[in-house]
């Protein structure tokens, strides 16, 4: 029931904000219309516009309406299924599709794509970035939660097909979720886009061996800033949960066993991702969407304890008829609960 209420609360605030934005847009258009009428009646005073009478704060919050060029189509439906940046991990081969009314994109070229974070509704001025152990300023990061929810990604346009006046593009490497609104695109040019620019705090922390690996960072190989992540722990009993992992693999778009091994063998204790839970006898837990993997650590050995789900029985029974995540959890319970 809590998830049901949260779902509708989120939609309420989303639509309330949209209504507010439309009201602001109407007010702005009224001011522009009044300005035009004033200029027509007073051509000698046309530079003394009504907009100049607005307070600076009102000018700063004037809304802008952006119409999407199109929508990204792929099989990435959950945030954790996409790598944190384009052209990393499985995204090197991930294909997305885009239909536009024009042939504006050139095949066999890299582009910077501007898009809307259409599923984020809040932000913080400081963030804990994925590879970090300390907070940095929002605009010093690539966090998706922003006051103006606009982001950019880099992708390689593989091909284009003209289908009855509509152009279908196949793009490789985008870290965008299915259905993301695309706002604009700019061709990537190496000579202009500073490929050798320094990485700021991330490069400094890499040089001081303070970066935390993500699951798609390769073990024992040099990464973006020369850092090397080593496997220091051993998981003893992965095979005992083979059936559970196969079930999860059918439901998510990441390599489940690789995800677990890479996360645990290198950094098995990390407060943001691996949490100690009192109700599970102090076991560590790692999240894979709605699924949870519980484990114990002793010296350099990790023993998996169980695989479970995040929802309780009451939540599942109340929401499984209309919530795909609850339905998936119900299937897991039916198959594996003893």
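Rule-based calculations on the coordinates, nothing more; no lab input. Just so it is clear, the model here is predicted, and its values are computed rather than measured. Please note: Cβ atoms are built from the backbone with ideal geometry, for glycine as well, and neighbour counts cover all protein chains shown.
Quick notes on this one:
- Modelled label reach - residue 112, point 7 Å along Cα→Cβ, segment 191-209 residues with backbone N closer than 18 Å: 191-200
- Here the label points at residue 139 and residue 159, each 7 Å from Cα along the C-beta direction, are separated by 4.3 nm in the simple model.
- Label point distance in nm, residue 209-residue 101, each placed 7 Å from Cα along Cα→Cβ: 5.8
- Computed over the alpha-carbon pairs of segment 76-123, the distance histogram in 5 Å steps reads 4, 13, 21, 27, 18, 13, 3, 1 percent, short to long.
- Between residue 150 and residue 337, the simple label model (points 7 Å from Cα in the Cβ direction) yields a spacing of 4.8 nm.
- For segment 70-187, the fraction of alpha-carbon pairs lying more than 23 Å apart is 31 percent, rounded to a whole number.
- On the beta carbon distance between residue 321 and residue 198, with R0 = 51 Å, the FRET formula returns roughly 0.45.
- When Rg and the Kirkwood radius Rh are both evaluated on Cα atoms of segment 234-336, their ratio Rg/Rh stands at 0.97.
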